[in-house]
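Novice: Can you read through this structure? Questions will come right after.
Read-outs: derived from the displayed coordinates by stated rules, not from any lab. These figures come from a predicted structure and were not determined experimentally. All Cβ positions, glycine included, derive from the backbone under ideal geometry; neighbour counts span all protein chains shown.
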Amino acid sequence: MNTIYKERKVVSHLFAVLLSALLTVPLLSSCGGGSRNASVPPPVDDSVGRTVSNNRNQPEAKKGFSTGQKVALLAGAAGLYYLYNQHKNASQEGAQGKYYLSKNGRVYYRDAEHRAHWVTAPSEGIRVPESEAQKYRQFQGYNGNTTGRDLSGITSSAAPTL
């Protein structure tokens, strides 16, 4: 009977050591040095149901038959590229800060925690002086056009890529 007790005691001890080792694996794997890129959180796609507009640079539409400034409406890719160009040299972070152009043709900005947030052009479009809007003529969304190019293939060498 004494030998059965000793065998059970040894098995119990081995089982306890094995369980202890298995329980420490998650703790040990969560610590330690990952790569530098591992500290940057994944992008946040909060563009669904939310748009980033550029109200400070939108001219007011002239009412009536005045001889005022003509405006073009930029939506879709044209609006996104316009927003990117307005914000690409900003010094601060966040929605009103610096914008980046990703490899997949999307525009994003980084928040204070360095998370990427995708930008969507306002669905109602952005009113831009026609003289300034001419450089966006080839893009989808220029004055309501559904044809034209998107932002894929446009690169910015100064922008970090996603």
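Novice: Between residue 154 and residue 69, what length comes free when the chain is fully extended (0.36 nm per residue of separation minus the Cα-Cα distance, one decimal in nm)?
Specialist: Fully extending the segment from residue 154 to residue 69 adds 27.6 nm.
Novice: Work out from phi, with θ = phi - 60° and the Karplus expression 6.51 cos²θ - 1.76 cosθ + 1.60, the ³J(HN,Hα) of each residue of segment 120-130, listed in order in whole Hz, and give x for Gly and Pro.
Specialist: 10, 5, x, 5, 7, x, 10, 7, 10, x, 4
Novice: Hey, another quick one. Can you tell me which of 84-93, 97-106, 11-20 comes out highest on packing, and rank the rest after it, using the mean Cβ neighbours within 10 Å?
Specialist: Per-residue mean Cβ counts within 10 Å order the peptides as 97-106, 84-93, 11-20.
Novice: Once phi is turned into ³J(HN,Hα) by the Karplus curve 6.51 cos²θ - 1.76 cosθ + 1.60 with θ = phi - 60°, what whole-Hz value does each residue of segment 76-86 show in order, with x for glycine and proline?
Specialist: Values per residue, Gly and Pro as x: x, 4, 5, x, 5, 5, 5, 4, 4, 5, 6 Hz.
Novice: Which cross-chain or sequence-distant (5 or more) residues have an amide H under 5 Å from the amide H of residue 71, H modelled 1.01 Å from N in plane?
Specialist: 130
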